[in-house]
Structure formats: C-alpha cells, structure tokens
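Participant: If you scroll down you'll find the structure; I have some questions about it.
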Amino acid sequence: MPAIQKPMRYGHTEGHTDVCFDDSGSCIVTCGSDGDVRIWEDLDDDDPKSINVGEKAYSCALKNGKLVTAVSNNTIQVHTFPEGVPDGILTRFTTNANHVVFNKDGTKVAAGSADFLVKVVDVMDCSQQKTFRGHDAPVLSLSFDPKDIFLASASCDGSVRVWQISDQTCSVSWPLLQKCNDVINAKSICRLAWQPKSGKLLAVPVEKSVKLYRRETWSNQCDLSDNFISQTLNVVTWSPCGQYLAAGSINGLITIWNVETKDCVERVKHEKGYAICGLAWHPTCSRIAYTDAEGNLGLLENVCNPNGKIPSSKVSSRVEKDYSDLFDGDDTSNAGDFLNDSAVETPSFPKGIMHDDDDDTVLASGRPRQRSHFLEDDDNSVDVTMLKSGSNLLKEEEEDDQADSIHDLPLVTPQRPFYDGPMPTPRQKPFQSGSTPLHLTHRFMVWNSIGIIRCYNDEQDNAIDVEFHDTSIYHATHLSNTWNYTVADLSHEAILLACESTDELASKLHCLHFSSWDSSKEWIVDMPQNEDIEAICLGHGWAAAATSALLLRLFSIGGVQKEIFSLPGPVVSMAGHGEQLFVVYHRGTGFDGDQCLGVQLLELGKKKKQILHGDPLPLTRKSYLVWVGFSAEGTPCFVDSEGIVRMLNRGLGNTWTPVCNTREHCKGKSDHYWVVGIHENPQQLRCIPCKGSRFPPTLPRPAVAVLSFKLPYCQIATEKGQMEEQYWRSVMFHNHLDYLANHDYEYDENTKNQAIKQQQELLIKMFALSCKLEREFRCVELADLMTQNAVNLAIKYASRSRRLILAERLSELAVEKAAELATAQVEEEEVEEDFRKKLNAGYSNTATEWSQPTLRNQVEEEAEDTGEADDTEEKSEIRQNPFSKSANSSDVPAVKSGAVTSSNQGRVNPFKVSASSKEPATSVNSARSNILDNMNKSYKKSALNRSASNEKSPVIKPLVPKPKSKQASAASYFQKRTSQADKTEEVKEENPKNSSSETPVLCPENNENQRQKTGFQMWLEENRSNILSDNPDLSDEADIIKKGMLQFRVLSAEERKAWATKAKGGMASDGAEAKKRKCVVDESHETEDQKEKATENLNLPKKHKPLDLSTNQKLSAFAFKQE
C-alpha cells in the first residue's frame, strides 16, 4: 500500500526550516527563519504552541524534555519541553551554528558552526566540552554514532569526516561534496545519518545517490539510487528499526529504500517542488514529517505497511505471528523492529558468508540458515529481543539455548546483551609528545626544550621546518617531506623522523645526525614488511623506535642497530633523556572511560638495567595520556587529559606524585594548557595556553607561559598546610641531585645547600607553630626530619619556651641521630674496604694511591683519629669497632694525615726497581692491607681530592658523566704520584728491614712514626674525668671514646677549630723528626682545604657542619621573636 501524503501547511516564514519528533512521537517540533519553535500536536493543529528563541533558528533537536536550538546570535540555547522555559546557553561560537543534534541517550549535544568548528557539549554540565578542528569551511551537518564512539560531519570544504569522540581525532575523511564558501551557496546541506541501534552504516547524500559506509573499515559498501532522482539529494533519515532509509532532494522528491535489498519502496513528490530541508521519522509509527525551504510542513503516513509486508520483505507472516504471541499483544510494528534488531546486533561477517547484508537469514555464528528451518532456529535469536524488552521468559529461553546444538550458539555476540557491567574503553592511539593532530595541514610534529619541528602539508608545499631555541649554537633547517613523515623528535645531537608504510614503500626511520664530526650526517633504516613505526625518541647517543609488531628497536646515534626487545602491549608514547628511556604502552583494556596503561623505565648506559618493570601508569578517572617526557634535570613526568602533571618520586620508591593541576590556571572551561617542558630548578612548568582548544595553531606563533607547581596537600589555605606543601615540594624537586650524584654526574653543590637551608627553615617554622599549638608529639616528629644543628636549635627553642619534657625528648633524639650517623660511617667504610679489596685483586705486590691518607673534613678526621691504633695487629679489630683503642695509644700519638711511618705506611713506586729486590712479597702485602684498613675516605672523593695542585676535575655540563668515575679511578690507580709519594718511596728503600710482617709493632724509640695528636684527642684527655664522673657506668675505653665523640660534635665549629689549632701547635717541636722523614706537611694547603670543607653542605652523610652564622641568626630571630 503506497504512502499517504497529507496536504502541506504553513509553518514558518520562508527560509530554511527544521523538524523533529518528541521522544514519544506525540508532537512535531519545527523551527524556522522567523526565530520561532512551534510544537504541533498533529498536522491539523490550528493553534500550535510557539516559543521565540531568537531572530533566526537554524536547527532544533529534542530529547529527554530538553529542546536545543541553534540560534542566529551564535549560541546553542536550551529550553524545557513542552513548557518552553529558557534553561541557559550550552555553548557559543564566533558565528552562527548550522546544525545541532543529540546523541542516543540525550546526554550530549553536537553543534557545527560556520566558524569551521564542531563542539560536543555535555547537556548537564556545559563546562564539559570537546572541540573538533579540521574543517576548512563552514560545517553543514552532524550525526552522532548510536554507540557514542564516532561523530560524522559534513562541511562546505567538500569533505565528510568521521571523528573519534574520545580523543577528538579524525578517523577518516572523504572528499565527496562540491566545495563552497558558505552554507547559503552550498548545493546540498548534506544531512547525513547513522543507522540506528548498531551504527553499522553511515548514510551520506552525495549528488543523486546515498553512499553507505561501513563502520570501522570505512569502506563504501554500496550506493542507493533511483532513476526518478533528477536533482541532488539534500537530507537523509533512517527508520527506527534501521531497515529503511528516506532521502529528500532539492526538487522536492522523497525516496525510500529497503537497505537490505537496495530496492526503492516509496517515491513521493512535493506538491510544489520545493527543496526538502528537514526529514524526521516517527519513533514508533510509519510516519515521516518533512519541511521545505519555504517554511512549509508536510506529513507522510503509512510509509511502509505496518505489518512489514512490503514486497521486498523476507519475513513470513508466520514469523510475525510467533513474535506477536511472544510479546503478549504488543504492537506488531514493534515486533518487526525487534526482529530487525536481532539482525542489527550480529557482528560483521566475511564477505563469502554474507549476501547483500541479509542479516535476517544468517546465524550469529556466520552460518546461513536453511529456509526450511527458519522458524526452529530463530527461537535462539529471540534472546536478544527478550532482554531488551525486559521479558520474564529470560531463564526459559536461556535453558532452550543450552539445550540446542552447540554450533548454533555463537561464542561472543549473544553474551553481549547478558552483560550489564562496565563497558570497555577504546584504546588510545599512539602519539608523539609535543605534537598536534595528524590530520591538520599545518601542525607541530614536536615542540620540546630543544626546539620546534613544524610540518606543512597543503596544496602548495609538503615540507618540514626545524627551528632551535638556541640559535647561537644551531641554525634552522628546512626539509622536503617527500616520504610523508608523520612523527619526529629533536635532541642536541640529531633530528629523528619516521613515516608509515604504503603499498609500495616500507616504514622508514630517518636520522639527521647534525652533531656528527664526519661529512655523512644522515642515515635511513627500512622496517620489515608489515611493520610500522608508531613512536620514536632520542637520547644521549641513541635512538629508539617502537613498532606495530610490539617491538622496540634501539639504534646508536650513528645508525648502528643495537638491542631489540618486545613490548608487553601496543605502544602509546615514548620519551628519552640522557641514558633513560621512558615507554608507555597498553597493558590491558580499560573500562568506563579509563585507559589501562603500563610504563617501563630503562637505563641504557654501560650498565643497562630496568627501573620500572611495567608498573601501572596512574591516570585521572576517565582521562587519557597527552604528554610524556622528562624534566630538564632528567626526572620522568607525564600529563593526562584532565591537566594533572605527575612526576616520578625517586625518594619514595619510584612512585608517581601529582605536582600541578593546569586546569586550576585555566580561565574558561574549554581552555587548556599544552605542556612543552618541565624544569625542577627553577621550578617551572612551561606550557602554551590554548583558548577553547587542547592544542595551539602553528600561526600565529604561540606564546609560552610559565606555571608554578603545587602539590595537592590538604588545608593548603592554612599556614601549616602551606609550609608542609612547600617542604615536601622542595624535598621532591631536589631528589634529582641525589640521582645525579649516584650516577656520576656533575651537579651544583650550592643548589643542594640552598635546598637544605630552605627545608630546615621550614621545619623550624613548623616546629615553632606546633609549639604554640602545644603539639609536642608533633614537634618531635618534625625534629626527626631535621639535621643535627636544626635539632640543637629546636632544643634551645623548647628550653626557652619552658617545655622541659619536649627539650628532654629532643636531646634523646639528638643522641640517637649522632649514633645513627656513626653507624652509617662504619657501614660506609666497610663498603669502601670491600671495594678496595676487589680493586687490589691481582696487584698484591704494589702499594697504590689508596695507601696515602688524604685530608678529610673535621668530622671524618675525628672518626679516623679516634679509631686508629699504633700496632697493626689491632687494626682488624679497629675495622669492626672504630672507637676501640689500644692500651698504649695514649703514649703513642696517631700518625697525622700526610706523615709517613717507617716502612709499613710508606708508598711504593710500582714502576721503580727496589734496592732490596729480595724483600719478601708478604711484607708489602702486610703493609698494604694495614694501610687500607686505615682508609676512611670514599674512593670517589679520594680521586677528586688527591694531588689537588696538579690535577683538577674538568667542568662538565649536567647529564654528562664525570670523568672521575669508578673506572677512571681504577685507571689512575697506577699513575705516578707527586713529590710526597716519591719521598715516601725513599723512606721505603732506606728501611727495608722494617717491612717484615713479623715486626708489626712500632718501636717506642722510632719517634718519626708517631702521629701528631688531633684536636679530639687533646679534648678527650682534658675532659676524660668529666665524662667518667657524668657516666660512672662507663668502663670500656671504646664506650668512653664514643661518648666523647658525641659531646665533641655538639661543640660549635669555632670551638672545635680551636682544639684543632691547639693540636697543630705541637707540630713545631717535631721539625727534626719531620726532616728525617723527608715529608713536610703542607699546612697552608691543609688550612685552605679545611676552610673549603667548612662551607660544604651540612646534610651529607660525611659532612655535618652547622648552618652558617647568618642562617642561625635568622632562625634564632624567628624562634625567639615571641620572647
């Protein structure tokens, strides 16, 4: 039975008119160029309700009681329905919007504007906006994918694009339409539409046919056309069941096809031949409302037979009857819809199985049904419809399914309707940090701390420009982009480019090594077949490429292929810095909008090791990764789409800490910051503000803004919260200094000193604040974080505040800290001794540079001097207990650093023939082991401090390894020593007999072997009686020395220096002995060295100095300002 065309009636003034139905189909809603929205109960309604929304209304959409209109004042407005009460403005454009549509569940609205932009806005929270950029002309129309994954748009630039909603990228673009400069001049408004429910097909009206594109593959499945169509098609719409498609042309012809058979089932001609500009299919009935370009409204009824008995239908009346019985007298048209729905839910099949997409005659498992068994087999497909209708027959049908033959049960598809849990999140595509989307004709390929790489790909040019921030060192480069490179990276050494493979060419990795010293500065590597490069990065002396084959390939910067290993999942992004490689990949499938990412952190130096072993990457809920990289100091960082910047906290077991929220700095809800670099000293987050977008345009050149860091601590508005945040931020942002020190990199000691000073000041302030609040337990907790001198200052403050219990607790804490410090020194000495033993293996006959004691800071001298004994048999015990002392130690003073004993503390030239060649090797062995047992200096420091007058460590830029590494120290092990060492060798030759291991005890008359007393020894002799009187329970000499050391450390620097000077005073009387030994201590050098060490940092394990006088004055002034 043909469709019934009702007479047209006046709706709005002449001009573009849009139409839609409400959710139930009880009302027809139209809008037009008179600025009114009219609500019609039926076509015969003589008094429709009218709502004025503006001067002109270009488009309207209705869902869930919300009426959304695109109005001429460049806004998208919301009104309540049917009351028509204004409910605010969803979003604004710079020019008028042309089309507005709801998604399937009515939670989001998409709008396309004449300013080339497409926006997707959350209806309940208009601040949640996504902007899609890429069209080069006004947007004509939009259509939401029913599954909310894709958004289709048509534009005057002639293209139809499909966007990925989650990451705002263009999945595909087709040049289908004629180009024009405005909607008014467009030949067609191209109202495209997705197939309902499954979204399997996208219908696009192009010229005189409708093109159907298949989801995901984006291939043109077929074209729907008819010989009666003589003019361009303007608009299309689907039936709610997804089986029929209607299209309206610019000369008033409405054509309806059965999509499965591609047959034209209805043709209706407009009575006056006006262009059809609006089409809407009734949600339940077989009715189509349409509007024309002159403001008229029309209605088609009985478009398809409500029984579904159209000539091309393959569903028998018997099937329809069975479905009607199953749904207990539901409308027969609904039963037909459910039948079609079961077909829609089936997945795509191989082309050999499908025939014209006849899903009704194909099982979900992919087997064609036998026509004779159509009814019996179809009982299984009822389950899908039963679930959607909420039938109580679910369990019975499920049992029937299990009873049927197993081949009729598909493995995956029928389970989808049963699952009502979290839905999987589409995986994020690979990206290069600091790049803008690939579909842009002018885009940034990378923007980092080194420079900028831009790509231009338009009709005039296809080229790449490289610009460096420091133009005094590097010059700009212009490259032709003949290989269509898509990803790039930039470092101080090279430019790295990569392109995807094509049908003829393999994927290529192209490196321009501009820092090479030879003339060949380029190399290209082709990937194996069917392997595409997805992410690349550069480090110091190496390059890396992650491919679609889940492989990570390493190359030297000169083009040598190095290691290759497999990634646990598809790569998302990579970054390199120095020796570190940072890889982020998909470790699984996320749910409910969350990405499931993993991270690997590797060090690619001489000792290659993995720091992070696929740990989960913590992202904000429902966000994705937008930036991965390193700070300028080498700490891994990343940024997610919610603007949260996270940094690796090496001081807390390599955990991730949020250090900034860029959204707090945004003025508008749709504004974002595009990160380009992170610096820890000074603390700067360098990024580009983007107005209404997530990324900047290439022109005009974007300006870089600097944001401050702030850790998300609680009660940040209070003084306590502010100081806590500042303290822990300072601690975290200076962890990189320890990392640099542990990996033999140069760094500025003054930076560390300033950081320690700032941290201690903050702790003292928090301590004072806690005292005022009478939080004494909290005070002790804060003191536990302080250094020795800060604790002493805290004790003074507590005493003056008359908090005696607190002062006592802090005193106990100070003693514990001193004991821990001494224990740490012993452990460090043992580690150094083990290293020396390993280093000396195989060179037992030669005394080395380790045999010469070197100058130490005051604390180290005290630890060494009190731990030394006079006879070598005791030295193995001293190594275990550095505070034990031999019985005759008071009579025989310890040997001063730089002085030499008769033979067993002398130095030997390994390249000089000894006068006594028959000397037993065991004597040298014994002497060497004894000498090494006395060494407390770390091998690294000794390498730096020795022979300061004739060997200095070169100044090297950060993140370049120190020249004095462990290997270098071992190499210098055999170098010729200075004159002091030569004199030692002479003494060795003059006294060969004293080298015997059988005479280890020093003779009392051998005065030249006696060391000068230290300041601590002289202080201990004078204060021994006081220590014993205060601690009568001390009987062991080692305990007395340990207690004395703790008290001696509490003395001020001036007092300890005075004792050291006093000890030096006795040196003058020993001039004759010094002359005999032919070894003069360079006192001026020693004094300078001590002055140098007095300025070193107070928190290093070996260097505990008080804060300088100015700091003490400041802290004291703060602490006692209330007195």
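Participant: Somewhere in region 771-778, is a residue open to solvent by less than 50 Å² (accessible area, probe 1.4 Å) and more than 21 Å from residue 818 (Cβ to Cβ)?
Facilitator: Yes, that holds for at least one residue.
Participant: Could you tell me how many of the residues in region 189-209 are part of a strand (DSSP E or B) and either within 28 Å of residue 436 (Cα to Cα) or not aliphatic (A, V, I, L, M) (or both)?
Facilitator: Within region 189-209, residues that are part of a strand (DSSP E or B) and either within 28 Å of residue 436 (Cα to Cα) or not aliphatic (A, V, I, L, M) (or both) number 5.
Participant: Scan region 558-581 for residues that are surrounded by fewer than 22 Cβ atoms within 10 Å (Cβ to Cβ), closer than 25 Å to residue 520 by Cβ, small (Gly, Ala, Ser) and in contact with a strand residue (DSSP E or B) (Cβ under 6 Å, 6 or more places away or on another chain) and report the count.
Facilitator: 1
Participant: Can you tell me which residue among 186, 154 is part of a strand (DSSP E or B), open to solvent by less than 40 Å² (accessible area, probe 1.4 Å) and within 21 Å of residue 95 (Cα to Cα)?
Facilitator: Criteria check complete, one pass: 154.
Participant: Considering only region 134-171, state which residues are of a type in the set (D, E, K, R) and within 18 Å of residue 108 (Cα to Cα).
Facilitator: Within region 134-171, 145, 147, 148, 167 qualify.
Participant: Assuming residue 5 fulfils every condition listed in (1) at positive phi; (2) open to solvent by 10 Å² or more (accessible area, probe 1.4 Å) apart from one, which condition is it?
Facilitator: With respect to (1) at positive phi; (2) open to solvent by 10 Å² or more (accessible area, probe 1.4 Å), residue 5 is out only on (1).
Participant: Moving to a separate point now. What strands (runs of 3 or more DSSP E), lying completely within region 480-584, carry at least 1 residues that are more than 20 Å from the chain's Cα centre (by Cα)?
Facilitator: Strands (runs of 3 or more DSSP E) meeting the threshold: 485-490, 495-499, 508-512, 522-526, 533-538, 542-547, 551-556, 561-566.
Participant: In addition: Quick one: how many residues across region 608-631 are open to solvent by less than 10 Å² (accessible area, probe 1.4 Å) and without any contact (Cβ under 8 Å) to a residue 24 or more places away in the chain?
Facilitator: 0
Participant: Among the residues of region 790-812, write down those that are among the basic types (Lys, Arg) and either touching a residue at least 12 places away in the same chain (Cβ under 8 Å) or in contact with a His (Cβ under 9 Å, 6 or more places away or on another chain) (or both).
Facilitator: 796, 800, 803, 809
Participant: Looking only at region 199-228, count every residue that is modelled with pLDDT under 90 and open to solvent by less than 10 Å² (accessible area, probe 1.4 Å) and tell me the total.
Facilitator: 1
Participant: Moving to a separate point now. Within region 74-91, track down each residue that is open to solvent by 60 Å² or more (accessible area, probe 1.4 Å) and either under 40 Å from the mean Cα position of the chain (by Cα) or farther than 20 Å from residue 127 by Cα (or both).
Facilitator: Once the filter is applied, which keeps residues that are open to solvent by 60 Å² or more (accessible area, probe 1.4 Å) and either under 40 Å from the mean Cα position of the chain (by Cα) or farther than 20 Å from residue 127 by Cα (or both), region 74-91 yields 82, 83, 85, 87, 89.
Participant: Can you go through 651, 668, 614 and tell me which one is at pLDDT below 95 and in a loop (DSSP other than H, G, I, E, B)?
Facilitator: Only one candidate qualifies: 668.
Participant: Here's something else I'd like to know. Name the residues in region 637-655 that are within 14 Å of residue 738 (Cα to Cα) and charged (D, E, K, R), would you?
Facilitator: 650
Participant: Here is a further query. For region 652-670, give me each residue that is surrounded by fewer than 17 Cβ atoms within 10 Å (Cβ to Cβ) and in contact with a His (Cβ under 9 Å, 6 or more places away or on another chain).
Facilitator: Scanning region 652-670 gives 663, 666.
Participant: Any idea which of (1) at pLDDT below 90; (2) touching a helix residue (DSSP H, G or I) at 6+ places or on another chain (Cβ under 9 Å) is the one residue 768 doesn't satisfy?
Facilitator: Going through the list (1) at pLDDT below 90; (2) touching a helix residue (DSSP H, G or I) at 6+ places or on another chain (Cβ under 9 Å), residue 768 breaks only (1).
Participant: Scan 780, 706 and give me the residue that is β-branched (Val, Ile, Thr), touching a residue at least 12 places away in the same chain (Cβ under 8 Å) and assigned to a helix (DSSP H, G or I).
Facilitator: Criteria check complete, one pass: 780.
Participant: Return yes or no: is residue 41 open to solvent by 30 Å² or more (accessible area, probe 1.4 Å), out of contact with any Lys or Arg (no Cβ under 8 Å at 6 or more places or on another chain), under 23 Å from residue 294 (Cα atoms) and acidic (Asp, Glu)?
Facilitator: Yes, satisfied.
Participant: Moving on. Scanning region 465-478 for residues that are free of Cβ contacts under 8 Å to residues at least 24 places away in the same chain and among the aliphatic types (A, V, I, L, M), which turns out surrounded by the fewest Cβ atoms within 10 Å (Cβ to Cβ)?
Facilitator: 473
Participant: Another one. Would you confirm whether any residue within region 35-52 is out of contact with any strand residue (DSSP E or B) (no Cβ under 7 Å at 6 or more places or on another chain) and touching a residue at least 40 places away in the same chain (Cβ under 8 Å)?
Facilitator: no
Participant: Are any residues in region 735-752 outside any helix (DSSP H, G or I) and open to solvent by 30 Å² or more (accessible area, probe 1.4 Å), and if so, which ones?
Facilitator: 743, 746, 747, 748
Participant: Another question, then. Pairs, please: C-beta under 7 Å, at least 6 apart or cross-chain, first residue within 9 Å of residue 170 (Cα to Cα) and in region 435-446, second open to solvent by less than 30 Å² (accessible area, probe 1.4 Å) and of a type in the set (Gly, Ala, Ser)?
Facilitator: 439/134
Participant: Go through region 606-632 and give me each residue that's of a type in the set (Ser, Thr, Tyr) and either in contact with a Cys (Cβ under 7 Å, 6 or more places away or on another chain) or over 28 Å from residue 673 (Cα atoms) (or both).
Facilitator: 631
Participant: Give me the pairs: first residue in region 719-738 and without any contact (Cβ under 8 Å) to a residue 60 or more places away in the chain and at negative phi, second residue surrounded by fewer than 18 Cβ atoms within 10 Å (Cβ to Cβ) and among the polar types (S, T, N, Q), beta-carbon distance under 6 Å, and six or more apart or on different chains, which are they?
Facilitator: 721/715; 730/758
Participant: Something else now. Just checking, how many residues over region 1010-1043 are open to solvent by 50 Å² or more (accessible area, probe 1.4 Å), in contact (Cβ under 8 Å) with a residue 24 or more places away in the chain and of a type in the set (Gly, Ala, Ser)?
Facilitator: Residues meeting the conditions: 0.
Participant: Is it the case that region 176-198 has a residue that's modelled with pLDDT under 90, at positive phi and in contact with a strand residue (DSSP E or B) (Cβ under 6 Å, 6 or more places away or on another chain)?
Facilitator: No; the residues of region 176-198 include none that is modelled with pLDDT under 90, at positive phi and in contact with a strand residue (DSSP E or B) (Cβ under 6 Å, 6 or more places away or on another chain).
The values are calculated or read from the model by the stated rules, or taken from the named source; none is laboratory data. Values in this document were obtained by computation on a predicted structure and should not be read as measured data. Note: ideal-geometry Cβ built from the backbone for every residue, glycine included; neighbour counts use all protein chains shown. We work out accessible area using only protein heavy atoms, side chains counted, and drop any ligands, DNA or RNA first. Shrake-Rupley method; radii C 1.70, N 1.55, O 1.52, S 1.80 Å.
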